Amino acid sequence: MVDMATYFPAAVQNYEALSSLMGLMREAASTGQWDRLLTLEQQAQERVRVMRQADPQTTLDESAKERKKALILKMLADDATIRHHTQPWMEKLQWALRSSRQEQKVRRAYTPAR
């Protein structure tokens, strides 16, 4: 296995790490491991926070730019897969929340005041 640290600067290594997290998130979403997905999402958000500070100050050569581009494209594909798996779950959750709110409104409207 080739050590990427030898070839790419820290900025690209950050994208490598984020891409790995996104891959794990994709796997968690595809198997319905929602708690794991949330934990991984928090880790990814922290990685992005760190990257936002470091990335604008980094100049990359062409091979590093190409690697960064490939990683971004992979992360976008992973994100689309995650959304594909989470969207039905989110819709069910929204429906349940709406139903619960409607039930509460009906109870308040038809429960006699004490």
Output for segment 60-114, where each listed residue is modelled with pLDDT under 80 and outside any helix (DSSP H, G or I): 111, 112, 113, 114
Residues of segment 24-59 that turn out to be β-branched (Val, Ile, Thr) and farther than 23 Å from residue 11 by Cβ, as a count: 2
Residues (touching a residue at least 24 places away in the same chain (Cβ under 8 Å) and more than 20 Å from residue 21 (Cβ to Cβ)) located in segment 32-63: 60, 63
Single residue of 54, 17, 29 found to be touching a His at 6+ places or on another chain (Cβ under 9 Å) and in a helix (DSSP H, G or I): 29
Extreme residue, surrounded by the most Cβ atoms within 10 Å (Cβ to Cβ), among residues of segment 60-106 that are among the small types (Gly, Ala, Ser) and under 27 Å from residue 10 (Cα atoms): 64
Residue within segment 42-51 that is part of a loop (DSSP other than H, G, I, E, B) and among the polar types (S, T, N, Q) present: no
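The values are calculated or read from the model by the stated rules, or taken from the named source; none is laboratory data. What you see is a predicted model; the values in this text were computed from it and never measured. Every residue, glycine as well, gets a Cβ built from its backbone with ideal geometry; the counts of neighbours run over all protein chains shown.
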